[in-house]
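Visitor: Handing you a structure now.
The values are calculated or read from the model by the stated rules, or taken from the named source; none is laboratory data. Quantities reported herein were computed from a predicted structural model and do not represent experimental measurements. Please note: Cβ atoms are built from the backbone with ideal geometry, for glycine as well, and neighbour counts cover all protein chains shown.
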Amino acid sequence: MSRSKVVLVTGGSRGIGAATSTLFAAHGYAVCINYKSNALAAENLALEITANGGQCIIVQADVSDEHEVVQLFERIDRELGQVSVVVNNAGILRQQCRLEDMTADRINTIFSNNVTSYFLCSREGVKRMSTRHGGKGGAIINVSSGAARSGSPNEYVDYAASKGAIDTLTKGLSLEVASEGIRVNCVRPGLIHTEMHADGGEPERVERLKSIIPLQRGGEPEEVAEAIYWLASEKSSFSTGNFLDLAGGL
Ligand code: NAP
């Protein structure tokens, strides 16, 4: 069955992406759940979504790789139909360290995974959604981070800088395609309970830092997903080039 609303969620299998895939499916979207290596997490999420009456496909693709991104969108074209929402969410960070300990390899890996990937998926999305190319319009939502504002000193300045690039991408692309039926907006989560913090070497990071959050707690992936969904929906029809901070007041 082909549904009229189709969303791609990059890194849609775990954390914020999984909550986003689940929410869009519950609202009747056909969802493409993209992931990179953890097939089991993607398969389990897909089972849950279909058990609840939703429609989804799971597609393994490294979104930092141009060829794999092109193939990812071709699968969506074939199996779900024309994409109407792209959620650029897949992202990584590495072990906490100071800048003087960062190698070029690490910095390039962070930027290709967190920045090049967003450019490539936006490119493929614009080619399909822009009225300039015969599309019906749509929405792109970029998942940036509060780190773009804090700079993440002593933890991961590389990661923070990659998110700063996403804020600039959001601004520039939103203006480029505003007259072509595509709205481009951005969410900037703060400290959210996901497995990502373990990749930085500190699984309990949110608990350690929660006392500095004005709301006195970390956020849940579902709270970020709601904002992403709103930015994709017609309820935010006059919003483009905007940033929604979901950081509990930080
Ligand atoms: P997460 O739990 O670590 O999940 C990351 C997801 O991205 C997984 O589905 C992973 O796939 C996928 N992924 C990573 N690299 C990929 C690639 N090259 N190609 C395709 N998929 C890839 O992360 P999260 O905490 O939900 O973070 C999601 C987004 O929110 C990221 O952009 C992150 O920077 C941002 N963010 C998170 C927080 C936070 O506190 N958690 C705060 C601010 C912003 P596999 O499972 O296959 O590895």
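Visitor: Could you list, in sequence order, all residues of the stretch 207-250 that are farther than 25 Å from K171 by Cα, in a loop (DSSP other than H, G, I, E, B) and of a type in the set (S, T, Y)?
Guide: none
Visitor: Filter the stretch 96-122 for residues that are surrounded by fewer than 15 Cβ atoms within 10 Å (Cβ to Cβ) and away from the ligand (no atom under 14 Å from the Cβ); which is farthest from Q60 (Cα to Cα)? Walk me through how you get there before you give the answer.
Guide: Initially, the stretch 96-122 is screened for residues surrounded by fewer than 15 Cβ atoms within 10 Å (Cβ to Cβ), giving 98-101, 103-105, 108.
Going one step further and asking which of them are away from the ligand (no atom under 14 Å from the Cβ), we end up with 98-101, 103-105.
On the way: R98: 33, L99: 32, E100: 34, D101: 32, T103: 28, A104: 27, D105: 24 Å.
The extreme case among them is E100.
Visitor: From the list G53, G28, which one is over 18 Å from G81 (Cα atoms), at pLDDT 95 or above, more than 12 Å from the ligand (Cβ to nearest atom) and part of a loop (DSSP other than H, G, I, E, B)?
Guide: Numbers: G28 fails: over 18 Å from G81 (Cα atoms).
That would be G53, the only listed residue that is over 18 Å from G81 (Cα atoms), at pLDDT 95 or above, more than 12 Å from the ligand (Cβ to nearest atom) and part of a loop (DSSP other than H, G, I, E, B).
Visitor: Considering only residues of the stretch 177-198 that are part of a helix (DSSP H, G or I) and either over 23 Å from K235 (Cα atoms) or free of Cβ contacts under 8 Å to residues at least 40 places away in the same chain (or both), which is farthest from the ligand (Cβ to nearest atom)?
Guide: Within the stretch 177-198, the subset part of a helix (DSSP H, G or I) is 177-180, 196-198.
Next cut, either over 23 Å from K235 (Cα atoms) or free of Cβ contacts under 8 Å to residues at least 40 places away in the same chain (or both) only: 179, 196-198.
Details: S179: 28, M196: 3, H197: 7, A198: 8 Å.
Taking the candidates together, the pick is S179.
Visitor: Here's another thing I want to ask about it. Write out, first by first residue and then by second, each pair whose Cβ atoms fall under 7 Å of each other, whose residues are 6+ apart or on separate chains, and whose first residue, in the stretch 29-53, is closer than 21 Å to S117 by Cβ and of a type in the set (G, A, S) while the second is assigned to a loop (DSSP other than H, G, I, E, B) and at pLDDT 95 or above.
Guide: Qualifying pairs under 7 Å: A41/S13; A41/R14; A42/S13.
Visitor: Follow-up question, since we're still on this one. Considering (1) more than 9 Å from the ligand (Cβ to nearest atom); (2) crowded, with 21+ Cβ neighbours inside 10 Å, say which one Y35 fails and leave the rest.
Guide: For Y35, the exception is condition (1).
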